[in-house]
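Here's the structure, in structure tokens; my notes come after.
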Amino acid sequence: MFKVYGDYRSGNCYKVKLMLHLLGKPYQWIPIDILKGETQSEAFLAKNPNGKIPVLELDDGTCLWNSIAIRQYLESLHPDPALLGRDALERARVTQYVLWIEHNGMMSAAEAFRNAAKGMADHALPGRRPIPQIGALAERGVQRFGYFLADLDGFLAERDYVAGDAFTVADIDALVM
């Protein structure tokens, strides 16, 4: 059984949890509180030296610690349904939209949250190095997120799914955002 280390407030953790649910795969959820600095503990850094969540731990102790990499791993083990795309072109389109959502949606939301939340005072950027908050970046993140939502609404006004004619991880990411 997979172990997933994460914080319920994390969009990237939610993406992994949704994919596991859609694949019908059981997992053990291990809560990690980012606001309490638990991603910076020695025990957690042994699993992910970058000090970020989510982390997927395999039975042999191997840890994967990027939501995109985790989902690629899960898809390679369980290719049905094809959540990363059914052929080369669809996989490329899914990747294109996943990265667009990551850059424009997730990053703007993270910019707003990490530069405003009290528990993130020294972690305005993800990772193990202390980075101070900048209040103006929180405001900018909120503005950028509004632009992202407007653009996403425009895409979805023209089609049922973000990246093509089937439900994929791009739709999961859009839902999380």
Out of (1) of a type in the set (A, V, I, L, M); (2) part of a helix (DSSP H, G or I); (3) closer than 30 Å to P49 by Cα, what's the single condition that is false for A116?
-> (2)
Report, ordered by the first and then the second residue, all pairs with beta carbons closer than 8 Å, sequence separation of six or more or different chains, a first member in segment 67-95 that is without any contact (Cβ under 8 Å) to a residue 60 or more places away in the chain, and a second member that is polar (S, T, N, Q) and not in a loop (DSSP other than H, G, I, E, B).
-> S67/N12
Starting from residues that are over 15 Å from D173 (Cα atoms) and touching a helix residue (DSSP H, G or I) at 6+ places or on another chain (Cβ under 7 Å), keep the ones in segment 66-80 and report whichever is surrounded by the fewest Cβ atoms within 10 Å (Cβ to Cβ).
-> H78
All but one of (1) open to solvent by less than 50 Å² (accessible area, probe 1.4 Å); (2) modelled with pLDDT of 95 or more; (3) under 26 Å from K36 (Cα atoms) hold for F148; which doesn't?
-> (3)
Within segment 144-177, residues closer than 15 Å to G85 by Cβ and not in a loop (DSSP other than H, G, I, E, B) come out as V169, A170, D171, I172, D173
Just give me the residues in segment 135-172 being of a type in the set (D, E) and more than 14 Å from N115 (Cα to Cα), in sequence order.
-> D151, D153, E158, D160, D165, D171
Within segment 119-137, the count of residues that are at negative phi and touching a residue at least 40 places away in the same chain (Cβ under 8 Å) comes to 5
Pairs returned, first residue in segment 158-177 that is farther than 16 Å from Q96 by Cα, second residue that is open to solvent by 20 Å² or more (accessible area, probe 1.4 Å), beta-carbon separation under 6 angstrom, 6 or more apart or interchain, are V176/Y14
E57: passes all of (1) touching a strand residue (DSSP E or B) at 6+ places or on another chain (Cβ under 7 Å); (2) surrounded by fewer than 18 Cβ atoms within 10 Å (Cβ to Cβ); (3) among the acidic types (D, E) but (2)
Could you look through segment 88-124, keep only residues that are at pLDDT below 95 and exposed (fewer than 15 other Cβ atoms within 10 Å of the Cβ), and pick out the one that is nearest to G11 (Cα to Cα)?
-> G119
Return the total of residues in segment 12-28 being touching a residue at least 12 places away in the same chain (Cβ under 8 Å) and open to solvent by 70 Å² or more (accessible area, probe 1.4 Å).
-> 4
Taking segment 82-100 as the region of interest, how many residues are farther than 25 Å from I53 by Cα and in a loop (DSSP other than H, G, I, E, B)?
-> 2
So which residues in segment 30-52 are open to solvent by less than 70 Å² (accessible area, probe 1.4 Å) and either part of a strand (DSSP E or B) or aliphatic (A, V, I, L, M) (or both)?
-> I30, I32, I34, L35, L45
What tally of residues in segment 1-11 results from selecting those that are part of a loop (DSSP other than H, G, I, E, B) and either among the small types (G, A, S) or surrounded by fewer than 16 Cβ atoms within 10 Å (Cβ to Cβ) (or both)?
-> 4
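The values are calculated or read from the model by the stated rules, or taken from the named source; none is laboratory data. Predicted model only: the values in this text are computed from it and were never measured. Positions of Cβ are generated from backbone atoms using ideal geometry, with glycine treated the same way; all protein chains shown enter the neighbour counts. Side chains are part of the model used for accessible areas, which takes the heavy atoms of the whole protein and leaves out ligands, DNA and RNA. Shrake-Rupley method; radii C 1.70, N 1.55, O 1.52, S 1.80 Å.
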